[in-house]
1. What are the residues in segment 49-65 that are within 20 Å of V93 (Cα to Cα) and in contact (Cβ under 8 Å) with a residue 40 or more places away in the chain, if any?
2. Going residue by residue through segment 148-168, is there one that turns out to be surrounded by 14 or more Cβ atoms within 10 Å (Cβ to Cβ) and under 22 Å from L53 (Cα atoms)?
3. What are the pairs with Cβ atoms under 9 angstrom where one residue, in segment 153-164, is under 16 Å from Y117 (Cα atoms) and the other, located anywhere, is part of a helix (DSSP H, G or I) and polar (S, T, N, Q)? Sequence gap at least six, or different chains.
4. For I104, only one of the following conditions fails: (1) among the aliphatic types (A, V, I, L, M); (2) in contact (Cβ under 8 Å) with a residue 60 or more places away in the chain; (3) surrounded by fewer than 16 Cβ atoms within 10 Å (Cβ to Cβ). What is its number?
Amino acid sequence: MKELKTGSIASVVVRFAYAGCLILSGACAISSGDEPDQPIAYNHKLHIETVGLECAECHRYVETSAAATLPPLEVCRSCHESEPLTESPEETVLLKYVADGTEIPWKRIYHVPDHVYFSHRRHVVLGELDCGLCHGVMQEQTAPVRSAFLEVKMENCMDCHREHKVTNDCLSCHR
């Protein structure tokens with residue numbers, strides 16, 4: 001039987017450790033199945049079709065930075081100052097946040113692992129990708145978003161990169 005060299009053993013150990021890290025990071029990125037209740041039953045369809053809002057008007061910085069951000073209270077307050085515009089009980093809830101000056105505790109749905117660098121700007125502005133590719137057809141959503149349309153998984157990212165003919169080099173996204 002042929003004897004393994006020390007360098008070969010170290011190489012095997014490093015490869016197994018790397019594979020273990022990939023498996024663990026993938027498991028962490030998969031949703032736990034919990035679908036959080038949002039503090040307000042936000043109707044994307046109403047705001048997109050009727051009011052004419054676009055993604056970047058509420059999700060600020062989507063075109064200028066890595067993070068898209070959840071809508072701050074000032075965005076809602078710009079239209080919903082004090083008097084209800086509709087008879088929706090959800091608007092009453094919103095107006096209480098506005099009156100109290102309390103940020104709406106939106107619950108984040110998409111979670112990118114810490115070791116992954118994802119830039120909305122890079123994808124939306126430079127890549128000219130439509131938000132719907134990852135987030136679905138929001139103009140049809142009448143109920144609050146409670147789960148990811150597309151799971152944050154390396155396989156999904158790699159497939160999209162192949163489809164759009166952009167790099168799949170590890171260091172482009174992994175830090």
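1. None - no residue of segment 49-65 is within 20 Å of V93 (Cα to Cα) and in contact (Cβ under 8 Å) with a residue 40 or more places away in the chain, so the list stays empty.
2. Yes, that holds for at least one residue.
3. M154/S25; H161/S172
4. (3)
Where a number appears in this text, it was derived from the coordinates with a stated rule and is not lab data. The shown structure was predicted, so the numbers you read here are calculated from the model rather than taken from an experiment. Quick reminder, even Gly has a Cβ in these numbers, built from the backbone with ideal geometry, and neighbours come from all protein chains shown.
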